[in-house]
Amino acid sequence: MTVLVTGSAGHLGEAVLRTLRGRGVPARGLDVKRSPYTDCVGSIVDGPFVSSAMKGIAAVVHTATLHKPHVATHSWQDFVDTNVSGTLRLLEAAVAGGVESFIYISTTSVFGSALGEERSGAAAWVTEDLAPGPKNIYGATKLMAENLCELTHRKRGLPMMVLRTARFFPEEDDSREIRREYVTSNVQVVEMLYRRVDIEDAVSAVLCGLERARSIGFGRYIVSASTPFTRADMDLLGADAPAVVSRLFPQCTALFQARGWRMFPRLDRVYVNQRARQELGWEPRYDFRHALDCLKSNREFRSALSLEVGVKGYHGRTFAEGPYPVE
């Protein structure tokens, strides 16, 4: 089975290709950028190019996208062209080529503005049942593409998995305030509580999707680290997150203090991965408890795969303030 991986020069695309090839699975990388993991250089908006790249393909993992870091540097039309029209080109070529399964990498950003609407003041308990509410063109076009995927399954029968991934990039936070108050490692360890997934776990979710797509048919799943919280914690998390974390992890305060780290004062949402674990058989390995164990023994809390893929950036140039301009 040859797998086509779009976005092969990006974080997740490269990680998927590294893993597939490491397991001896034939895989073809596609991207507009040349890279050691890109076999086909071109745009997913180019129909003939996509059709050519799809020849001999049994499964597609579609990670190529314009991201949130491009919102301030690209037009809305650019986002529609790449995230919507490009996805449609791939879906059409996949159907025409008899592809057996299609994994679409979406984002938890589709929830966007809906996060603050569930319960005022409390952290939002985010499952797949929460209605999306994109707050920018990135989230809007990812949701449009999700719907194209669902429609293609219903009308054309293509087995389809939509994976709404949480943060997995290693780059520093885009918020100037966050960068001023917290070092990047501090931020990313805290995010394992509620809005981050290690890239190795994201890849394992993709592999589970490839394995289960034909038996499930269609599914949308949140892919985030397993949270230690329950719905009963949401009110206090929205007001005093350190109190909740200290109750669940008494050793956390000392481990953070030894590094000059701090817990965030409040959390605004918690992504829940229960459906992905139950229906896909996904077993994520990296969570906040794992991170604390690593801090205790002075080990790296990120996976080896995450370190191998490394920091990529999202633009061909650097910016004076922050990893990328914010809208």
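Scan the range 4-49 for residues that are buried (at least 23 other Cβ atoms within 10 Å of the Cβ), within 16 Å of Ala93 (Cβ to Cβ) and among the hydrophobic types (A, V, I, L, M, F, W, C) and jot them down.
Leu4, Val5, Leu30, Ile44
Tell me which residues, restricted to the range 242-261, are aliphatic (A, V, I, L, M), in a helix (DSSP H, G or I) and over 27 Å from Gln278 (Cβ atoms).
Ala243, Ala254, Leu255
Any idea which of Val206, Val187 is in contact (Cβ under 8 Å) with a residue 24 or more places away in the chain and more than 17 Å from Lys68 (Cα to Cα)?
Val206
Which pairs do you get when a residue that is free of Cβ contacts under 8 Å to residues at least 40 places away in the same chain, found in the range 44-73, comes within reach of a residue that is surrounded by fewer than 17 Cβ atoms within 10 Å (Cβ to Cβ), reach meaning Cβ atoms under 6 angstrom, with the pair 6+ apart or on two chains?
Here the result reads Phe49/Gly42, each pair linking the range 44-73 to a residue that is surrounded by fewer than 17 Cβ atoms within 10 Å (Cβ to Cβ).
Pairs needed: first member in the range 142-159, assigned to a loop (DSSP other than H, G, I, E, B) and crowded, with 21+ Cβ neighbours inside 10 Å; second member anywhere, charged (D, E, K, R) and at pLDDT 95 or above; C-beta distance under 7 Å; at least 6 residues apart or different chains.
So the pair list comes out as Pro159/Glu100; Pro159/Arg214.
Kindly provide the set of residues from the range 219-254 that are without any contact (Cβ under 8 Å) to a residue 12 or more places away in the chain and either of a type in the set (A, V, I, L, M, F, W, C) or more than 25 Å from Arg302 (Cα to Cα) (or both), ordered by number.
Answer for the range 219-254, where residues must be without any contact (Cβ under 8 Å) to a residue 12 or more places away in the chain and either of a type in the set (A, V, I, L, M, F, W, C) or more than 25 Å from Arg302 (Cα to Cα) (or both): Ala232, Leu236, Ala243, Ala254.
Can you find even one residue in the range 273-281 that is farther than 21 Å from Glu128 by Cβ and buried (at least 19 other Cβ atoms within 10 Å of the Cβ)? Working first, answer last.
Filtering the range 273-281 down to residues farther than 21 Å from Glu128 by Cβ leaves none.
No; the residues of the range 273-281 include none that is farther than 21 Å from Glu128 by Cβ and buried (at least 19 other Cβ atoms within 10 Å of the Cβ).
The values are calculated or read from the model by the stated rules, or taken from the named source; none is laboratory data. Bear in mind the structure is a predicted one, so any value in this text is a computation, not a measurement. FYI the Cβ positions are ideal-geometry reconstructions off the backbone, even for glycines, and counts take in every protein chain you see.
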